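Take a look at the structure below.
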Amino acid sequence: MMEVFECGLVDSTQEEAKRLIKKGVTKGVVSAEGQKSGKGRGIKTWESPKGNLYLTFILQIPQDKIKESSTLSLVLAAVTANKFNLQLKWPNDLLHFRAKVGGILGEGLFEKNYFLLLGLGLNVGSHPTLDRPTTSIDQILDQAVDLKFLRELVITSFDTAFSLWLDKGFLPFFPLWNSLLIHQPGDQLTLQGKTYTYLGSDSSGGLQVEYEGVSTLLSSGEIV
């Protein structure tokens with residue numbers, strides 16, 4: 001079981017994880033009651049009131065695994081979504097019937113060795129009001145969920161998955177991840193001002209798409 005570093009209110013679990021790495025921590029998970037400066041993808045912020053789940057996994061990545069380490073965010077997304085019957089919007093949004101429940105942020109860090117910080121925010125007791133649908137675990141289940149129990153379930157599931165990933169890579173997780181994607185062949189996906197036709201997913205964790213008659217593989221980006 002990963003060591004859990006419990007915090008109250010922090011600037012962000014990502015920043016707390018960086019401070020722990022500087023103190024010599026090589027593996028564990030930061031858990032906070034709330035965040036003052038929660039991070040989303042790019043420059044987005046993540047609303048972080050008490051009652052929701054805020055984690056950052058601290059993962060030291062072996063040299064021969066660094067190139068593949070970006071797929072760990074997909075592994076975390078897949079095993080978490082699978083526990084709560086959620087779906088995935090590429091690359092790392094967790095949805096319930098297209099309403100956002102959570103998201104994952106991956107961040108690499110060199111501190112003598114290479115570390116991957118995987119931040120997970122999951123709406124449990126509440127959800128923000130945004131310009132798109134949102135929901136929470138409590139609302140989905142129509143009952144209050146014990147946050148500590150939920151946290152241990154997520155951590156234990158990913159700890160087991162991380163061990164398998166170190167041994168086998170992303171391939172064992174691909175069928176599950178692919179089955180949870182909301183995207184269907186023929187869907188129109190808008191990324192960075194361009195509209196692509198979705199053809200299917202790739203075992204590297206990317207999306208096969210077509211743009212102006214040419215097929216290509218998208219390995220990063222954010223679908224609008």
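Nothing in this text is a laboratory measurement; each read-out follows from the coordinates by a stated rule. Just so it is clear, the structure is predicted and the values come from calculations on it, not from any experiment. Cβ atoms come from the backbone with ideal geometry, glycine included; neighbour counts cover every protein chain shown.
Hull surface divided by four, with the convex hull built on the Cα atoms of region 150-193: how many nm²?
Numbers: hull surface 20.1 nm².
One quarter of the hull surface, i.e. the mean projection, equals 5.0 nm².
Got a sec? Charge dipole of the chain, +1 on Cβ for Lys and Arg, -1 for Asp and Glu; which of Gln87, Gly221, Pro49 is way out at the positive end?
Positive-end residue among those listed: Pro49.
List the lysines whose Cα lies under 17 Å from the Cα of Lys100, skipping any in the same chain that are fewer than 8 positions away.
Excluding near neighbours in sequence, the set is Lys39, Lys44, Lys83, Lys89.
Please give the FRET efficiency for Gln143 paired with Asn82, using the beta carbon to beta carbon distance and R0 = 25 Å, rounded to the nearest 0.05.
Details: r = 20 Å, r/R0 = 0.81.
The formula returns an efficiency of 0.80 here.
Placing unit charges on C-beta atoms (Lys and Arg positive, Asp and Glu negative, everything else neutral), compute the dipole magnitude of the chain about its Cα centre in debye, rounded to 20. It would help to have the intermediate numbers written out before the result.
On the way: 22 positive and 24 negative charges, 75 e Å.
Charge dipole of the chain: 360 debye, to the nearest 20.
From zero up to wherever the largest Cα-Cα distance of region 66-120 sits, split into 10 Å bins and tell me the percent of pairs in each.
With a bin width of 10 Å, the distribution comes to 25, 48, 20, 6, 0.
Convex hull over the alpha-carbon atoms of the chain: what's its volume per residue in Å³?
On the way: hull volume 27.1 nm³, N = 224.
It is 121 Å³ per residue.
In whole Å, how far is the Cα centre of region 138-179 from that of region 55-107?
First find each Cα centre; the distance between them is then 9 Å.
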